[in-house]
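See structure below.
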Amino acid sequence: MPRPCRCRRIRCKPDTNYFKPRGIPVDMLEEVTLTLDELEAVRLADWEGLYQEDAAEKMNISRQTFGNIINSAHKKIADVLLNAKALKIEGGVVKRVN
């Protein structure tokens, strides 16, 4: 039995939660879902340039968990870009903080 997910703190909730390649109808696209905690990990590590330990602390998770989340997010984003898929941002065990 896996351990229950610890609630992750996030600051960003995007205004837009769906991105797709231009010129391809939505019904022809495969969809990849990026969770809100994965988006927050990308924001902290790639946008703000924080080290994993500092970013993990902001999200209230361990450094290893942060590393797993960011790796998953990077794979999903690469899949979307390289294989012309749609990206949907939603879900995850998160708590929004300001």
Using modelled amide H (1.01 Å from N, peptide plane; none on Pro or chain starts), what sits under 5 Å from the amide H of ARG9, excluding residues fewer than 5 places away? ASN60, LYS95
With everything on Cα atoms, drop me the angle between helix 63-82 and the longest principal axis of the chain, reported from 0 to 90° to the nearest 10. 10 degrees
5 Å is the cut-off here: which amide hydrogens, built 1.01 Å from N in the peptide plane, fall below it relative to LEU34, excluding neighbours closer than 5 in sequence? LYS88, ILE89, GLU90
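Per residue and in cubic angstrom, what volume does the convex hull of the Cα atoms of the chain have? Don't jump to the answer; show the numbers that get you there.
Values: hull volume 11.4 nm³, N = 98.
Dividing the Cα hull volume of the chain by its residue count gives 116 Å³.
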Check the chain and count each lysine pair with an alpha-carbon distance under 18 angstrom, considering only pairs eight or more places apart or from different chains. 12
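Values quoted throughout were computed directly from the atomic coordinates according to the rules given, and no laboratory measurement underlies them. Just so it is clear, the model here is predicted, and its values are computed rather than measured.
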